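*Asks:* Next up is a structure, given as structure tokens.
The numbers here are math on the coordinates, done by the rules we state, and not lab data. Predicted model, so just to flag it, every value in this text is computed and none were measured. Cβ sites come from the backbone with ideal geometry, for glycine too, and all protein chains shown count toward neighbours.
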Amino acid sequence: MMDRLELQKLRDLPIEGVAERLGLTVKHHKALCPFHDDRHPSLSFKVSKNTYRCFVCGASGGTIDLVMRHLGKDFKEACRWLADKHNIILDEWKPSTQKDTQKEPSPLCTFDAKKYEKFFERPWLLLEARKFLFEERRLDERVVRWCRLTSWKDKQQVPWLQTPYYDREGKLVGIQNRNLVKGALPRFRFPQGSECSIYNLPVLNLLKPGDTLWITEGCSDCWAMLSAGHKAIAIPSATLLKRKDAEQLSIINSQLSIEFHMYPDRDEPGERLFMQLKERLPNIVHHQLPPDCKDFSDYYLSRR
Ligand SMILES: [Zn+2]
């Protein structure tokens, strides 16, 4: 079962962001209440307490309650849904050997790069991975090679796409495993201590003054952007721009005289991420996706 630390992480997810992920439209900390026939927004969010309350039907609670009630899920299912949507890895999804030997969830546990580096020296793409990357996503092979994407099968024969995260100096700092079985949970898994923050930092070494750098949400949009011939980095998730990542962007901005561009996702979290980035990168240029494309990957596919 989930431990206290994990539950706290789920409870601390910004309530308005969770509501938006559920499809509610949040404006001025209010939304139409999905639990009664609401014509004027009566559901209000208290950001300070991270809770919601409807002053008409009385529905109230935190992030987990909101998901349970809105999607008709039980507690555990709601936790899994929240974790999956926000790239949080639950203890029950970690390999069992780790669970037995390390009872303490330790955020200080360091990432064992030595153990994983060799996987990326000779990337290996399973049939499932090639289908995903080249048929579904239509990515450029050179991009897949540059990103050193590889794949593997676990003991249960589940195929995973393995994405390495490097720092600017090219040191391996984290790994994201993506489940290649459609609709299967968990969608993502991260080895212990993985630092999957800003993706594709080595690209910064290729930039010249005056160059354009695109910022995307998530690594798959980043691959699409690279395949379209642009230089790009990715922010892990729109609902969770960490302060550390924001600070790193400020540093990049002050060191390199480059232009930042972005196609925010066509939803509230996407636009909110853009506004947060604009605080750090005042000159970032906003591009609008066409109405039928929810993110850049969609747009990329529609143009090919
Ligand atoms: Zn209500």
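*Asks:* Of all DSSP beta bridges in the stretch 146-304, what percent run antiparallel (nearest 5)? Before the final figure, lay out each step's value.
*Replies:* Details: 14 of 24 bridges.
The antiparallel fraction comes to roughly 60 percent.
*Asks:* Rounded, prolate or oblate: pick one for the chain, where a ≥ b ≥ c are the square roots of the eigenvalues of its C-alpha gyration tensor, a/c under 1.5 means rounded, and failing that, prolate if a/b is larger than b/c, else oblate.
*Replies:* Numbers: a/c = 1.66, a/b = 1.22, b/c = 1.36.
Since a/c reaches 1.5 but b/c is at least a/b, the shape of the chain is classed as oblate.
*Asks:* Place the peptides 276-288, 71-83, 217-229 in order of packing, highest mean first, counting for every residue the other Cβ atoms within 10 Å and averaging per peptide. Mind dumping the intermediate values first?
*Replies:* Details: 276-288: 14.2, 71-83: 16.9, 217-229: 22.2.
Per-residue Cβ counts within 10 Å, averaged per peptide and sorted highest first, yield 217-229, 71-83, 276-288.
*Asks:* Can you give me the pair-distance distribution of the stretch 110-178, C-alpha pairs, 10 Å bins, whole percents?
*Replies:* Pairs per bin, as whole percents: 19, 53, 25, 3.
*Asks:* If you restrict to DSSP beta bridges whose two residues both lie in the chain, what percentage is antiparallel, to the nearest 5? Display every interim value, and only then the final one.
*Replies:* On the way: 23 of 33 bridges.
Antiparallel bridges make up about 70 percent of those DSSP assigns within the chain.
*Asks:* Still on this structure: Gap in Å between the Cα centre of the stretch 14-74 and the Cα centre of the stretch 201-274?
*Replies:* So the separation of the two Cα centres works out to 30 Å.
*Asks:* Another question, if that's okay. Quick one: grab the alpha carbon gyration tensor of the stretch 12-59, order the square roots of its eigenvalues as a ≥ b ≥ c, and give me rounded if a/c is under 1.5, else prolate or oblate depending on whether a/b is larger than b/c. Please report the intermediate quantities before stating the final value.
*Replies:* On the way: a/c = 1.87, a/b = 1.43, b/c = 1.31.
Prolate is the answer for the stretch 12-59, as a/c is 1.5 or above and a/b outweighs b/c.
*Asks:* Also, quick follow-up: For the pair Lys114 and His36, how long in nm is the line joining their label points, each one 7 Å along Cα→Cβ?
*Replies:* 6.3
*Asks:* Right, another one. Roughly what would the spin-label model give for Gln192 and Arg243, points 7 Å off Cα along C-beta, in nm?
*Replies:* Computed distance between label sites Gln192 and Arg243 equals 2.8 nm.
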